[in-house]
Amino acid sequence: MLISIGARSGGDDDLVGLLGECHVRIRKFTALARQLAAATDRPAAEVAEAATAVRRYFAEALPLHVADEDLSIVPRLRGRDPAVDAALAAMSEEHVAHEPPLARLIALCDALAAAPARLPQVAGEVAEVAAGLEASLRAHLEGEERVIFPALRALPAADRAAIVRELRARRAPAGAAVTPPAP
């Protein structure tokens, strides 16, 4: 099950709120990955469930968020302000830098979902990868929230609404209609 971006009520045509909710989930799943590493005394079923959840989030949902930023946000914000341009460039570079540790975490979680009894053997590596990602993602998200979120709030309403439609379309099942946000 992918994390859903559905209809919401709120300000900013829901865009900044939707992105903020994605950031909450990113923080939640990096913390869960760290907790997974420390769960060597937990039942195998719990280890497998946590590993599956972490793998699913980082393999399926996070790439959608990255696409939202790279494909919908960057083109609309680029060239409007030098500080925003610098933040966008840093964001894109960080997306690339996150790929190897994310791939490693996904592989470790795949292995743990299939064989949770292996956790004691890989707990150290899971802890190391999770802690590194948590620190890197924390800085990444804080930068976006500090510079990019205010820039998004300053976009014309039509641009914000178009971004929301694109976010929803990325998550819609094939062939499903996407409801536009209310004007």
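Residues in the stretch 88-124 that are within 30 Å of Asp41 (Cβ to Cβ), among the aliphatic types (A, V, I, L, M) and out of contact with any Phe, Trp or Tyr (no Cβ under 7 Å at 6 or more places or on another chain): how many?
12
What pairs come out if I take residues in the stretch 95-109 that are under 18 Å from Ala53 (Cβ atoms) and pair them with residues that are part of a helix (DSSP H, G or I) and of a type in the set (Lys, Arg) whose C-beta lies under 7 Å away, six or more apart or interchain?
Ile106/Arg55; Cys109/Arg55
Ala67 is checked against (1) free of Cβ contacts under 8 Å to residues at least 60 places away in the same chain; (2) assigned to a helix (DSSP H, G or I); (3) within 18 Å of Arg160 (Cα to Cα) and fails just one. What number does that condition carry?
The failed condition is (1).
For Asp110, are the conditions met, namely being over 17 Å from the mean Cα position of the chain (by Cα) and acidic (Asp, Glu)?
yes
When the residues of the stretch 14-40 are filtered to those that are in contact (Cβ under 8 Å) with a residue 40 or more places away in the chain and of a type in the set (Val, Ile, Thr), which remaining residue is nearest to Glu145 (Cα to Cα)?
Val16
Within the stretch 123-134, can one find any residue that is without any contact (Cβ under 8 Å) to a residue 24 or more places away in the chain and hydrophobic (A, V, I, L, M, F, W, C)?
No, the stretch 123-134 has no match at all.
The numbers here are math on the coordinates, done by the rules we state, and not lab data. In this text, all values refer to a predicted model and were calculated from it rather than measured experimentally. Using ideal geometry, Cβ is built from the backbone for each residue, glycine included, and neighbour counts are taken over all protein chains shown.
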